[in-house]
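The values are calculated or read from the model by the stated rules, or taken from the named source; none is laboratory data. Values in this document were obtained by computation on a predicted structure and should not be read as measured data. FYI the Cβ positions are ideal-geometry reconstructions off the backbone, even for glycines, and counts take in every protein chain you see.
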Amino acid sequence: MTQIHDLLCTLPKIDECLDDLQGATQSIPSLLVKLAVRQCIENERQRIVHDHKAGKPSALLTKEQWREKLLDAVSRKNHRNLRQVINGTGIVIHTNLGRSVLSAAAIEAVQQAGAHYSNLEFNLDSGKRGSRYTLVEEILCDLTGAEAALVVNNNAAAVLLTLDSLAHNQQVIVSRGQLVEIGGSFRIPDVIAKSGAQLIEVGTTNRTHLADYERAITADTALLLRVHTSNFRLIGFTSEVSAEDLVRLGRTKGLPVVEDLGSGSLVDLSLCGLPSEPTVQQIVKAGVDVVTFSGDKLLGGPQAGLIVGKKELIDQIKRNPLNRALRIDKFTLAALESVLRDYYDLDLALAAVPTLKMLTQSPDGIKKRGQRLVRRIREIVSPWCTVSLQATISLVGGGAMPEHGLSSWAVVLQPAQISLTALEQGFRRLPAPIIGKIEDGAFLLDLRTIADHEIPALLTSLITFFTQIPSE
Ligand SMILES: *Cc1c(COP(=O)(O)O)cnc(C)c1O
């Protein structure tokens with residue numbers, strides 16, 4: 001067997017590689033090229049050592065193969081890490097794929113905020129220092145009916161800040177049926193503990209009654225907390241106390257009621273055929289003192305945590321020093337103001353906010369778009385795949401309405417000459433990756449989550465993938 005030393009001597013030298021690649025990598029920073037080349041050679045060295053230890057012969061790369069490998073490594077390292085993907089999963093609020101997509105107007109607002117100085121913390125009327133929160137507070141109050149509002153980094157932060165401000169070193173009463181984990185390690189008992197409050201669990205997993213709350217109230221109780229169970233449903237012999245009843249109890253005992261609404265929609269989506277969920281306005285109207293919800297779930301805006309409620313309590317939350325650590329940046333504020341303004345006109349919101357538009361698209365409309373698209377895709381992917389259009393089910397995502405499927409249509413790619421795994425992996429590695437769903441040995445692209453203006457990117461990605469296959 002060849003000596004390991006001899007094998008390792010066949011590895012190219014970094015300087016030689018750099019000379020060789022110079023022409024092809026001129027526009028790329030030389031540090032980046034050098035680091036990519038070094039990593040590539042190191043990986044190859046490890047592969048050879050590994051094979052040698054396992055007693056396997058190592059296939060050595062030719063000069064051409066090295067060049068191709070190095071250029072590929074340089075190009076990957078030079079590619080922006082955060083980039084556009086085509087979401088063919090049909091999951092509208094897809095947390096792994098960036099949740100909500102912004103409207104053109106919101107993007108324009110972000111662009112403005114980045115390109116220019118702004119009155120972020122400058123009061124144009126008084127000429128004095130202003131507060132960034134006032135930029136959206138009035139709009140949030142108009143839309144939700146609340147007295148005051150505050151915005152932080154995300155809803156997890158909103159819940160933490162609210163509890164830390166109102167219940168630190170005191171007790172918080174929660175139903176056992178609402179002690180949920182939302183995902184991404186957001187667990188209600190842990191957040192309560194982190195806020196310095198003590199959790200008092202009441203009721204049972206499936207049933208909690210008003211008397212359970214009432215019995216648990218002591219001199220140390222700070223507030224009564226309701227939590228939307230989001231991606232979790234209890235069915236069967238269950239009962240929860242309504243917001244109205246809890247508010248009534250809270251009033252009698254002089255305790256505020258706080259609700260973590262999770263998704264928090266400003267539109268009654270049951271009007272569009274989706275399941276009925278209480279809107280933020282309804283919860284405020286029920287008398288709940290502080291309501292928190294996400295900016296990038298059903299609202300369809302940027303990542304943010306919105307806190308609305310009674311002025312006295314919101315003022316207390318605003319004064320918490322933790323607030324400064326959780327504050328939102330100007331880009332988020334710009335996008336948030338833009339999307340909130342859309343909600344002054346509900347018809348406008350349904351047409352302009354991409355999340356709402358995708359959720360309320362009719363299956364027939366999706367099918368028509370699919371019929372046009374199938375022909376164009378067939379031209380690109382044949383003879384490697386057969387293409388058809390098939391009914392499928394989309395999901396809302398983001399922990400909202402977990403058991404409710406939306407009728408939709410998908411372009412189905414059935415690979416004929418390559419494996420489904422090769423297709424799925426290859427699609428993920430494209431410059432604009434295509435993420436779909438695999439069902440019954442086929443690759444599905446649910447068109448609910450692919451907008452018309454994304455079709456050119458989808459087609460370009462498909463062309464890139466299918467013109468590469470023959471050379472492999
Ligand atoms: C999603 C969710 C959260 C966390 O919200 P983020 O905006 O993701 O931080 C908290 N509570 C509930 C009930 C949720 O559904």
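Listed values, structure above:
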| quantity | calculated |
| --- | --- |
| Selected residue (only one of 388, 407, 394 is surrounded by fewer than 16 Cβ atoms within 10 Å (Cβ to Cβ), closer than 28 Å to residue 95 by Cα and in the same structural domain as residue 423 (by TED's automatic domain parsing)) | 407 |
| Residue satisfying all of: in region 364-401; within 22 Å of residue 274 (Cβ to Cβ) and out of contact with any Leu (no Cβ under 8 Å at 6 or more places or on another chain); farthest from the ligand (Cβ to nearest atom) among these | 368 |
| So residue 61, is it surrounded by fewer than 18 Cβ atoms within 10 Å (Cβ to Cβ) and outside any helix (DSSP H, G or I) | yes |
| Residues satisfying the stated conditions in region 162-177, i.e. part of a strand (DSSP E or B), within 15 Å of the ligand (Cβ to nearest atom) and among the polar types (S, T, N, Q) | 175 |
| In region 274-288, residue farthest from the ligand (Cβ to nearest atom) [restricted to those that are touching a residue at least 40 places away in the same chain (Cβ under 8 Å) and in a loop (DSSP other than H, G, I, E, B)] | 287 |
| Any hit, region 298-312, residues being away from the ligand (no atom under 13 Å from the Cβ), over 20 Å from residue 99 (Cα atoms) and in contact with a Gly (Cβ under 7 Å, 6 or more places away or on another chain) | no |
| So residue 260, is it crowded, with 24+ Cβ neighbours inside 10 Å, part of a loop (DSSP other than H, G, I, E, B) and not small (Gly, Ala, Ser) | no |
| Test result for residue 269, over 26 Å from residue 198 (Cα atoms) and within 16 Å of the ligand (Cβ to nearest atom) | yes |
| Residue match in region 113-134 (condition: in a helix (DSSP H, G or I), touching a Ser or Thr at 6+ places or on another chain (Cβ under 8 Å), more than 26 Å from residue 359 (Cα to Cα) and assigned by TED's automatic domain parsing to the domain that holds residue 305) | no |
| Residue in region 14-25 that is surrounded by 11 or more Cβ atoms within 10 Å (Cβ to Cβ), in contact with a Leu (Cβ under 7 Å, 6 or more places away or on another chain) and not in a helix (DSSP H, G or I) present | no |
| The one condition in (1) over 30 Å from residue 444 (Cα atoms); (2) modelled with pLDDT under 95 that residue 116 fails to fulfil | (2) |
| Condition check for residue 218: away from the ligand (no atom under 16 Å from the Cβ), in contact (Cβ under 8 Å) with a residue 40 or more places away in the chain, surrounded by fewer than 16 Cβ atoms within 10 Å (Cβ to Cβ) and not in a helix (DSSP H, G or I) | yes |
| Condition check for residue 159: under 17 Å from residue 341 (Cβ atoms), within 16 Å of the ligand (Cβ to nearest atom) and not acidic (Asp, Glu) | no |
| Residue check, residue 266 among the hydrophobic types (A, V, I, L, M, F, W, C), in contact with a helix residue (DSSP H, G or I) (Cβ under 7 Å, 6 or more places away or on another chain), buried (at least 18 other Cβ atoms within 10 Å of the Cβ) and in a loop (DSSP other than H, G, I, E, B) | yes |
| The one condition in (1) in contact (Cβ under 8 Å) with a residue 12 or more places away in the chain; (2) of a type in the set (A, V, I, L, M); (3) not assigned by TED's automatic domain parsing to the domain that holds residue 413 that residue 54 fails to fulfil | (1) |
| Condition met for residue 87 (in contact with a helix residue (DSSP H, G or I) (Cβ under 9 Å, 6 or more places away or on another chain) and surrounded by fewer than 19 Cβ atoms within 10 Å (Cβ to Cβ)) | no |
| When residues of region 300-340 are limited to those that are small (Gly, Ala, Ser) and more than 17 Å from the chain's Cα centre (by Cα), the one nearest to residue 284 (Cα to Cα) | 309 |
| Cβ pairs under 8 Å, 6+ apart, first in region 66-85 and not assigned by TED's automatic domain parsing to the domain that holds residue 27, second surrounded by fewer than 12 Cβ atoms within 10 Å (Cβ to Cβ) | none |
| Odd one out for residue 248 among (1) charged (D, E, K, R); (2) in a strand (DSSP E or B); (3) away from the ligand (no atom under 16 Å from the Cβ) | (2) |
| Flag if residue 63 is over 37 Å from the mean Cα position of the chain (by Cα) and of a type outside the set (Asp, Glu) | yes |
| Residues located in region 346-402, provided they are over 22 Å from the mean Cα position of the chain (by Cα), in a loop (DSSP other than H, G, I, E, B) and modelled with pLDDT of 95 or more | 362 |
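Yes/no per residue for (1) in a strand (DSSP E or B); (2) not basic (Lys, Arg):
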residue: 417; (1), (2): no, yes
residue: 424; (1), (2): no, yes
residue: 431; (1), (2): no, yes
residue: 443; (1), (2): yes, yes
residue: 448; (1), (2): no, no
residue: 457; (1), (2): no, yes
residue: 460; (1), (2): no, yes
residue: 464; (1), (2): no, yes
residue: 468; (1), (2): no, yes
